[in-house]
Amino acid sequence: QVQLVESGGGLVQAGGSLRLSCVASGRVFTFFTLNALAWYRQVPGKQRELVARIGRGDSTNYADSVKGRFTISRDIAKNTVYLQMTSLKPEDTAVYYCNKEPPYSYWGQGTQVTVSS
């Protein structure tokens, strides 16, 4: 099994930036080499949504709402997946999670991102 720990969230003003990190532990070799990895976010009362995906060949895909503002990357040597977020908007406020894509049935604790207007 793989454990996922997200960090890097916080309170930021609109237009600001944050970099989220997700450190994996456990069976990390297969996690990083056999899977596409992704960042998701969830707002209370709404379904969790995929915001960024990185394939095994490092191709990336983004939700239309974050395209051009968010960048997903991974550092296999550090067992870490990153999400660089720029030009943040109040509608980006959510709890952010990392997982593979499609996701495991379990999730980490997530990291709260709050963007004030």
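Just want to confirm a number: the relative contact order over region 1-47, from Cα pairs under 8 angstrom separated by 6+ residues, in percent.
On the way: 34 pairs, mean separation 17.4, N = 47.
Relative contact order, region 1-47: 37 percent.
Note: relative contact order over region 18-107, using C-alpha pairs below 8 Å and six or more positions apart, is 37 percent.
Just the Cα atoms of the chain, one point each, no solvent: what log10 I(q)/I(0) does Debye give at q = 0.18 Å⁻¹? Here the Debye-derived log intensity ratios amount to -0.85.
Using equal-weight Cα scatterers in the Debye expression, the normalised intensity of region 49-98 in log10 at q = 0.21, 0.24, 0.26, 0.29 Å⁻¹ is -0.77, -0.98, -1.11, -1.30. Accessible area per residue for the chain is 52 Å², calculated with a 1.4 Å probe on protein heavy atoms, without ligands, DNA or RNA. Cross-link partners of K100 among aspartates and glutamates, defined as those whose alpha carbon lies under 19 angstrom from its own and excluding same-chain residues fewer than eight positions apart: E6, E49, D58, D75. Restricting the calculation to Cα atoms, region 12-70 shows an Rg/Rh of 1.01 when the hydrodynamic-style radius is the Kirkwood one.
The values are calculated or read from the model by the stated rules, or taken from the named source; none is laboratory data. Quick caveat: nothing in here was measured; it's all calculated off a predicted structure. Just the protein is used for accessible areas: all its heavy atoms, side chains included, with ligands, DNA and RNA removed. Shrake-Rupley method; radii C 1.70, N 1.55, O 1.52, S 1.80 Å.
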